[in-house]
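Q: Structure in structure tokens, see below.
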Amino acid sequence: MVSPILELKDINKSFGHVHANKNINLQINKGTIHGIIGENGAGKSTLMSIVFGLYQADSGTININGKEIKLKSPRDSILSGIGMVHQHFMLVENFSVLENIILGFEGEFVFGKNLDKAKKDLKNLCDMYKLNIDLESTISDLSVGFRQRVEILKSLYRGAEILILDEPTGVLTPQEVDELFKILRSLKEEGKTIVLITHKLNEIMDLTSEVSVMRQGEMVGHKKTESTNKEDLAEMMVGRSVLLRINKLSTKPGNAVFSVRDLVVKDDLDVTRVKNVNLDIHEGEILGLAGVTGNGQTELLEALSGIRKIESGEIQLFNETISNKNNFFDPKSLKEKGLAHVPEDRQRMGLVTDFKAYENLIFGYHHQEPFSKSSVLKEKEILSFSKKVMEEYDVRPRSPNLITSNFSGGNQQKIILSRELNENPKVLLVGQPTRGVDIGAIEFIHQRLIDMRDKGAAILLVSVELEEVLSLSDRIIVMFDGKIVGEKINKDVTDRELGLLMAGVA
Amino acid sequence: MDSLADIASLLNSTFRISTPLVFAAMAGLFAERSGVIDFGLEGKMLAAAFVAAVGSYFFGSPWMGLLLAILACVSLSMLHGFASVTHKGDQVVSCVAINILMIGLTTALAAAWFGQAGLTPTLTSDQRFLEITLPFADALQDIPIIGLIYSDIISGHYIFVYIAYLSVPIVFWIVFKTSFGLRLRAVGENPSAVDTAGINVFSMRYKALMVNGVLIAFAGAHLSTAVNANFFREMSAGRGYLALAALIFGKWHPKTALIACLLFGFTDALQIRLQGVELPMIGTIPVQLIQAIPYILTVVLLAGFVGKAIAPNAIGQPYIKER
């Protein structure tokens, strides 16, 4: 029998009243890629933070190579051969690659020979795993993909035998994901053990040999990857069966109701982010806008929803010009014309997170009947409305009086959707509707968007999740460097084609 | 008076006047590079001046006064750390508390111990630091240029003046050429990166504050046991704030902060020199206007003359692990 390199026994961890990890048992074998999958908030990251020494378990033991060890700080873990690549990179942006890597492991107090030795060791590691990193470059000049490689190199330099990666692909383009997977496979070949935390089933099937599933703080199962499939895993994660591809009927799109001509938009730093964009959205259609974060989608969405001024071009809603160089409709008047907007950043723009749920549920419509009369809010009506829509949109917990920040990401998103969809908008602009939302809620939100489409709404879906764009859209456009670089009918396009467009290659 | 000697005396005063600013700016650099705002330089400088004067008076040795001043300032820095690092309180509030407390405490203690509010007894010459004449200063006096530079500008200062200018390259070396410096800069930019590298964020910040306390003590001792022979009420006179301005103007870098301190010192020296002097064509400038020059300069410089000063990324934020 193979002896496990890492073994967790009865790990428990609570944060206040939240029992984040309940009696977790886990065995990870040497030289494997082991996946840990679960919805957001299932406790995966907490568990791995315990293994990395960032948090201390309330009870339970951790064995490495059969020996019990106490992990009181990340230093203990690093010295035991554990490395972790966090979801948010732990890099100092204005430091060089070299400085970031040696931080905490400088060797000597005064810099000199130790730097030369570190450079030599790092060059060797780079060559061995084909990482292709320039040690002198500053982190802020590097792309996200390269920053991640720096994190991997950092762990290797510190002697990691077990490498934990927390949601490593969330910020990468499909091509970068391929590169990452190549690196991970070569690490495995060299005998390293890799723990991959993810909520993406494709990655598990692609890469791992074993997979453990977590749900609501508990370990619900361990499987050999070859003897399971996506549907089984999804069911274990959510606790019930889910649709992986939304069932949607094909519809005939109607007239173009929202048109954009030669739109140019600048950002706050006066940089042109949207360059001569043209697009039409038709009744009864979902137009998907794919692209890697930061290619102008945010500014485009803000301009279309009346939050950001445009430089030139024209935006038309029902053949009426709502925005051009001189004229500018604000979000309130756009709302009255039947345009609704679900912003990308729900906590900054979509919600006042310190407000109670019922306040957020009517915000923006609060001045209308039946929520207020003569500028006085009518609390009774608001509360009964809130209870009704929370039921309808399955917002959990159903407490209109709870402060919004206490809801999970998915439920916060449902609060925004129920507010914006309640008025039956004719045109709906949606940004990142399921970012940081768990699978159960994703399914629900997707179904709602399809329902809106079937009722004849024109929907623009902006998302960095390629899978989401593919499963919802009728038509897909790809944005790169501020321009629309491609338009595809959904049913004749592959991930690869879109990936190349997103990377600006095709 | 010939103009060369004028310039020499102006530069001589510049170095003397800039000394407490340099100490304070270097002290602030350690705190702020570690991510802790130090608005309390003013209060600590005042405390150091008071403790140094009182210590010298009671123990009869200025070195004893300096030692006690260091202890006092390190304690105050630790208090600031306890409030804002350990208990994650608001850093500016903690500093303001220290500043206000020190104004009141020094005045009250002086009244209780010496019967005069905010005034300590005059120190005798063996109770204070005296000006140091460097070797050969007298011999070189008459050589043109070299004599002027060496004997009239460089020689004849208090020991703190030399320590201050020597401290700048040392600070530079520590901050940029040692592992302590790397960790210090990292903890002010991204404490999470430091934590995950297995270094204790809190202990790093406390270490930085300890160095901060030692350096600021020198500034206070310079004021009350070197250039003056006693402590008087609010004798720091805004130098702590001015040093902080120099630090920001110098973009948290020892070399440029030094230049900023010298610039402030120079305008102050000029200001003193110009008082009552009749300038050709202009006439006598009112004293009030002349005295305002250093402050006007501060405002002009900080109001964007130097471009955007980019502070350490994590400055002012207490470190809290996620959740």
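Q: Tell me, what % of the accessible area of the protein assembly as shown is carbon and sulfur with a 1.4 angstrom probe?
A: Working: 20430 of 36570 Å².
After summing per-atom areas, the C and S share lands at 56 percent.
Q: Which value, in Å² rounded to 10, gives the accessible area of residue A:371 with a 1.4 Å probe and all protein chains present?
A: 10
Q: Going by average Cβ density within 10 Å per residue, which order do the peptides B:184-197, A:88-101 take, highest to lowest? Mind showing how you got there, number by number?
A: Values: B:184-197: 25.8, A:88-101: 20.9.
In descending order of packing, they fall as B:184-197, A:88-101.
Q: Also: Between the chain alone and the structure with every protein chain in place, find the residues of segment A:93-108 that drop at least 10 Å² of accessible area; heavy atoms, 1.4 Å probe.
A: Buried on complex formation: A:94, A:95, A:99, A:103, A:104, A:106.
Q: Here's something else I'd like to know. Taking every DSSP beta bridge that has both residues in the protein assembly as shown, what percent is antiparallel when rounded to the nearest 5?
A: Working: 53 of 90 bridges.
Antiparallel bridges make up about 60 percent of those DSSP assigns within the protein assembly as shown.
Q: Could I ask something else about it? Over chain A, what is the relative contact order in percent, taking alpha-carbon pairs closer than 8 angstrom and at least six residues apart? Working shown, then result.
A: Numbers: 981 pairs, mean separation 73.2, N = 506.
About 14 percent, as a whole number.
Q: Also: On full extension of the chain, what length is gained from residue A:496 through residue A:123, given 0.36 nm per residue of separation minus the C-alpha to C-alpha distance? It would help to have the intermediate numbers written out before the result.
A: Numbers: separation 373, 0.36 × 373 = 134.28 nm, distance 3.24 nm.
Extra length available between residue A:496 and residue A:123 comes to 131.0 nm.
Q: Okay, moving on. Out of all DSSP beta bridges with both ends in segment A:4-238, state the antiparallel percent to the nearest 5. Write down the numbers at each step before the final one.
A: Numbers: 23 of 42 bridges.
Percent antiparallel among DSSP bridges in segment A:4-238 is about 55.
Q: For residue B:251 and residue B:317, compute 0.36 nm times the residue count separating them, minus their Cα-Cα distance, and round to one decimal in nm.
A: Details: separation 66, 0.36 × 66 = 23.76 nm, distance 1.86 nm.
In short, 21.9 nm is gained.
Q: List the residues of segment A:37-77 whose accessible area drops by at least 10 Å² when all protein chains are present, compared with their chain alone, using a 1.4 Å probe and counting only protein heavy atoms.
A: Those are A:46, A:52, A:54, A:55, A:74, A:75, which lose 10 Å² or more relative to the chain on its own.
Q: Roll a 1.4 Å probe over the protein chains and send me the accessible area per residue for chain B in Å². Can you show the working numbers first?
A: Values: 14050 Å² over 323 residues.
Heavy-atom SASA per residue in chain B reads 44 Å².
Q: How would B:293, A:194 line up by accessible area, probe 1.4 Å, largest first?
A: Numbers: B:293 55, A:194 0 Å².
Accessible-area ranking of B:293, A:194, largest first: B:293, A:194.
Q: Something else now. Hey, got a sec? Which trypsin sites (Lys or Arg not before Pro) in segment A:423-462 land in a DSSP loop and have at most 15 other Cβ atoms within 10 Å? Let's see the in-between values first.
A: Working: sites: A:426, A:435, A:448, A:453, A:455; in loops: A:426, A:435, A:455.
Passing both the DSSP loop test and the Cβ count: A:455.
Q: Can I ask one more? Quick one: dipole size for the protein assembly as shown, taken about the Cα centre, charges +1 on Lys/Arg Cβ and -1 on Asp/Glu Cβ, in debye to the nearest 20.
A: Details: 82 positive and 89 negative charges, 260 e Å.
Here the protein assembly as shown has a charge dipole of around 1240 debye.
Q: For segment A:114-261, what is the relative contact order in percent, using Cα pairs closer than 8 Å and at least 6 residues apart in sequence? Each step should come with its number before you reach the end.
A: Details: 112 pairs, mean separation 21.9, N = 148.
Computed over segment A:114-261, the figure is 15 percent.
Q: Residue A:276 versus residue A:115, label points 7 Å from Cα toward the beta carbon: distance in nm?
A: Distance between the two pseudo-spin positions: 4.7 nm.
Q: Now for a different question. Nearest 10 degrees is fine. How inclined is helix A:174-189 to the longest principal axis of chain A, computing both from alpha carbons?
A: 20
Q: Same structure again: What does the charge count around residue A:266 come to, taking other residues whose C-beta lies under 9 Å from its C-beta (Lys +1, Arg +1, Asp -1, Glu -1)? List each step's numbers first, then the result.
A: On the way: positive: A:273, A:308, A:309; negative: A:267, A:268, A:270, A:299, A:311.
Summing Lys and Arg as +1 and Asp and Glu as -1 gives -2.
Q: Among B:285, B:272, B:216, which one shows the highest mean-square fluctuation when chain B is modelled as a Gaussian network with alpha-carbon springs under 10 Å?
A: It is B:285.
Q: In addition: Given the whole protein assembly as supplied and a 1.4 Å probe, what does the accessible area of residue A:262 come to in Å², nearest 10?
A: The accessible area comes out at roughly 80 Å².
Q: Compute the accessible area of each residue in segment B:163-182 twice, once for its chain alone and once with every protein chain present, using a 1.4 Å probe on heavy atoms, and list those whose area falls by at least 50 Å².
A: So the qualifying set is B:179, B:182.
Q: Ok, one more. Say R0 is 25 Å: what FRET efficiency, to the nearest 0.05, do residue A:394 and residue A:347 get from their beta-carbon distance? Write down the numbers at each step before the final one.
A: Numbers: r = 20 Å, r/R0 = 0.82.
It comes out at approximately 0.75.
Q: Spelling out what I want: for every residue of segment A:222-236, take phi, set θ = phi - 60°, compute 6.51 cos²θ - 1.76 cosθ + 1.60 (Karplus), and round to whole Hz; glycine and proline get x.
A: 10, 9, 7, 4, 5, 9, 9, 9, 4, 4, 4, 5, 4, 5, 5
Q: What is the spin-label model distance, in nm, from residue A:134 to residue B:163 if the labels are put 7 Å beyond Cα along the C-beta direction?
A: The two pseudo-label positions are separated by 4.5 nm.
Q: Using a 1.4 Å probe and counting only protein heavy atoms, how much accessible surface gets buried when A and B come together, both sides summed, in Å² to the nearest 100? Before the final figure, lay out each step's value.
A: Numbers: alone 23550 and 15180 Å², together 36570 Å².
By this definition, chains A and B bury close to 2200 Å².
Q: Mind grabbing the accessible area of residue A:282 for me, 1.4 Å probe, Å², rounded to tens?
A: 50
Q: Ignoring ligands, DNA and RNA, what accessible area per residue does chain A give at 1.4 Å, in Å²? Display every interim value, and only then the final one.
A: Numbers: 22510 Å² over 506 residues.
Per residue, chain A has 44 Å² of solvent-accessible surface.
Q: For a 22 Å ceiling on Cα separation, which of these pairs sit above it: A:9/A:30; A:70/A:182; A:30/A:67; A:123/B:207; A:154/A:188; A:356/A:414?
A: Numbers: A:9/A:30 17 Å; A:70/A:182 33 Å; A:30/A:67 14 Å; A:123/B:207 33 Å; A:154/A:188 17 Å; A:356/A:414 14 Å.
Exceeds cut-off: A:70/A:182; A:123/B:207.
The values are calculated or read from the model by the stated rules, or taken from the named source; none is laboratory data. Values in this document were obtained by computation on a predicted structure and should not be read as measured data. We place every Cβ from the backbone using ideal geometry, glycine too, and count neighbours over all the protein chains shown. Remember, those area values only see protein heavy atoms, side chains included, never the ligands or the DNA or RNA. Shrake-Rupley method; radii C 1.70, N 1.55, O 1.52, S 1.80 Å.
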